[in-house]
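The values are calculated or read from the model by the stated rules, or taken from the named source; none is laboratory data. Because the structure is a prediction, the values reported are computed rather than measured. Backbone-built Cβ (ideal geometry, glycine too); neighbour counts: all protein chains shown. All accessible areas refer to the heavy atoms of the entire protein, side chains included, with ligands and DNA or RNA removed. Shrake-Rupley method; radii C 1.70, N 1.55, O 1.52, S 1.80 Å.
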Amino acid sequence: MTHVLLTGFEPFDGAGVNPSWQAVQRVATTPPDGSSLTTAMLPVVFHDAIARLRAAVEESGADVVICVGQAGGRPGISVERIAINLDDARIPDNKGTQPVDEPVVADGPAAYFSTLPVKACVAAVREAGLPASVSHTAGTFVCNHVFYGLMHLIASGRPGVRGGFVHVPYLPEQVPDGDKPSMPVDSIAAALTAIVSAAATTTSDLKETGGSLH
């Protein structure tokens, strides 16, 4: 049995919902076979989010940690490959903080790679009939901040844990005019279920081309 910690975010930027947390809650009701799940909602606040994540990792004792966030405008599921040591916020976080050109971790490495089988995760989502791709940029807002924080935590003290980050699209109700891509919460949850299953059972990634910039 592989224990997985799955995190989502609270709403931000004036929105009433965040699809990452809604989908994470949906997955938790029916965990994939062979996996047990713990969930946690993270604040959209620089540094507070990493502190909450660190506590959740310690409390859960998870083998695998998958953090999930919203990437409004992307058409499908994005399995992130790399986290960079940079905060450069386009908008303030939920406490009004807006760091510009600051490191996530002072004197930390420039970047970390995900330790999830990112291409196998993408393949699993596609096999479930949903659009997905490997992404090479998680942005420079709180999502990348948490992704980098997770990988730094693993590298500096939890080498037996594997972790990474997944971005999901808007929900249809967030784009009532239909002018941007969206995905129903059930579909996002199905994609996350496929990713959890792939991450829990696959240690060697697929050797094939893949990846896109968003």
Flagged in segment 126-177 as of a type in the set (V, I, T) and closer than 29 Å to E102 by Cβ, in numbering order, are V134, T137, T140, V142, V146, I154, V161, V166, V168
Could you grab me the full set of residues in segment 135-171 that are within 24 Å of Q22 (Cβ to Cβ) and hydrophobic (A, V, I, L, M, F, W, C)?
A138, F141, V142, C143, V146, F147, L150, F165, V166, V168, L171
Mind listing just one residue for me: the one in segment 169-214 that is in contact (Cβ under 8 Å) with a residue 40 or more places away in the chain, surrounded by 15 or more Cβ atoms within 10 Å (Cβ to Cβ) and polar (S, T, N, Q) and, of those, farthest from G129 (Cα to Cα)?
Q174
Kindly provide the set of residues from segment 10-54 that are out of contact with any strand residue (DSSP E or B) (no Cβ under 8 Å at 6 or more places or on another chain), assigned to a helix (DSSP H, G or I) and not charged (D, E, K, R), ordered by number.
T29, I50, A51
Selection from segment 34-59 of residues basic (K, R) and either out of contact with any Gly (no Cβ under 8 Å at 6 or more places or on another chain) or open to solvent by less than 30 Å² (accessible area, probe 1.4 Å) (or both) yields R52
Look at Y148 and say whether it is hydroxyl-bearing (S, T, Y) and in contact with a helix residue (DSSP H, G or I) (Cβ under 7 Å, 6 or more places away or on another chain).
no
Give me the pairs: first residue in segment 101-128 and more than 21 Å from A200 (Cβ to Cβ) and open to solvent by 30 Å² or more (accessible area, probe 1.4 Å), second residue of a type in the set (V, I, T) and modelled with pLDDT under 95, beta-carbon distance under 7 Å, and six or more apart or on different chains, which are they?
none
Could you please find all residues in segment 145-158 being open to solvent by less than 40 Å² (accessible area, probe 1.4 Å), more than 17 Å from A40 (Cα to Cα) and not hydrophobic (A, V, I, L, M, F, W, C)?
Y148
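Please determine, by comparing only the residues of segment 71-100 that are β-branched (V, I, T) and surrounded by fewer than 18 Cβ atoms within 10 Å (Cβ to Cβ), which one is nearest to the chain's Cα centre (by Cα).
Looking at the filtered set, the residue picked out is I91.
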Has segment 159-168 got at least one residue that is loosely packed, with under 15 Cβ neighbours inside 10 Å and charged (D, E, K, R)?
no
Kindly check whether there is at least one residue in segment 145-168 that is within 17 Å of V104 (Cβ to Cβ), aliphatic (A, V, I, L, M) and assigned to a loop (DSSP other than H, G, I, E, B).
no
V24 meets each of (1) in contact with a Pro (Cβ under 9 Å, 6 or more places away or on another chain); (2) over 21 Å from F113 (Cα atoms); (3) crowded, with 18+ Cβ neighbours inside 10 Å with one exception, condition (1)
Quick check on V68: is it in contact (Cβ under 8 Å) with a residue 24 or more places away in the chain, under 16 Å from the mean Cα position of the chain (by Cα) and part of a strand (DSSP E or B)?
yes
